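To start, the structure itself, in C-alpha cells.
The values are calculated or read from the model by the stated rules, or taken from the named source; none is laboratory data. All values reported here derive from a predicted model rather than from experimental measurement. Every residue, glycine among them, receives a Cβ derived from its backbone with ideal geometry; neighbour counts consider all protein chains shown. In case anyone asks, the SASA skips ligands and DNA or RNA and just uses the protein heavy atoms, side chains included. Shrake-Rupley method; radii C 1.70, N 1.55, O 1.52, S 1.80 Å.
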Amino acid sequence: MTTTLYGIPNCDTVKKARTWLADNGHDFIFHDFKKQGLSRELVQGWLKDVDWETLVNRKGTTWRNLPDERKAQVKDADSATDLMLENPSVIKRPVLQGVGPVSVGFSSDAYAGKFESAK
C-alpha cells in the first residue's frame with residue numbers, strides 16, 4: 001500500500017512530518033485535504049483505526065470558531081464525519097495512512113517505531 005500523508009501544507013506539525021519522512025528516506029504522497037478534498041469513505045476508513053474524538057481536533061482554531069450549536073451536533077462518528085467533510089481543517093493533523101494502522105499527529109519516535117515495525 002502507498003504511504004499517504006494527509007494534511008495542509010502550512011501546518012507546522014505537517015511540515016515536521018513531511019521533513020521526517022523525507023529525511024528518513026520514506027516515499028510518500030502528500031494529500032492536501034483542503035485543496036484535494038476528502039471522501040466519506042476515506043474518513044470512515046480512518047475511523048476504523050482511530051476514534052472520532054481523536055480525529056476531531058477540539059483544541060484547534062477551526063473547532064473553537066464553530067458556533068456552539070454546531071459543536072453540540074458532533075456526538076458520534078457519523079456526525080463527526082459530516083463535520084470533517086464540511087471543515088477539513090478541524091481534523092487533527094497529519095493523518096498517516098499506509099504503514100500499519102492509520103495514525104494521527106506526529107512524533108519522530110512514533111513514526112520511527114511505526115516504520116520499523118512495518119519492515
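Within the stretch 107-119, is even one residue over 19 Å from Ser39 (Cβ atoms), at pLDDT 95 or above, open to solvent by 50 Å² or more (accessible area, probe 1.4 Å) and touching a Pro at 6+ places or on another chain (Cβ under 7 Å)? Scanning the stretch 107-119 turns up no residue that is over 19 Å from Ser39 (Cβ atoms), at pLDDT 95 or above, open to solvent by 50 Å² or more (accessible area, probe 1.4 Å) and touching a Pro at 6+ places or on another chain (Cβ under 7 Å).
Taking the condition touching an Asp or Glu at 6+ places or on another chain (Cβ under 8 Å) and open to solvent by 30 Å² or more (accessible area, probe 1.4 Å), does Pro67 pass?
Values: touching an Asp or Glu at 6+ places or on another chain (Cβ under 8 Å): no; open to solvent by 30 Å² or more (accessible area, probe 1.4 Å): yes.
Criteria not met by Pro67.
Could you please let me know if Phe33 is within 19 Å of Tyr111 (Cβ to Cβ) and surrounded by 13 or more Cβ atoms within 10 Å (Cβ to Cβ)? Judged against the criteria, Phe33 is not a match.
Only one of the numbered conditions (1) assigned to a loop (DSSP other than H, G, I, E, B); (2) surrounded by fewer than 18 Cβ atoms within 10 Å (Cβ to Cβ) is not met by Glu41, and that is (1).
For Val43, indicate whether it is aliphatic (A, V, I, L, M) and more than 17 Å from Ser108 (Cα to Cα). Give the steps one after another, and end with the answer.
Numbers: aliphatic (A, V, I, L, M): yes; more than 17 Å from Ser108 (Cα to Cα): yes.
Yes; evaluated as a whole, the condition is true for this residue.
Anything in the stretch 1-12 that is in contact (Cβ under 8 Å) with a residue 24 or more places away in the chain and open to solvent by 50 Å² or more (accessible area, probe 1.4 Å)? List them, or say none. Answer for the stretch 1-12, where residues must be in contact (Cβ under 8 Å) with a residue 24 or more places away in the chain and open to solvent by 50 Å² or more (accessible area, probe 1.4 Å): Met1, Thr2.
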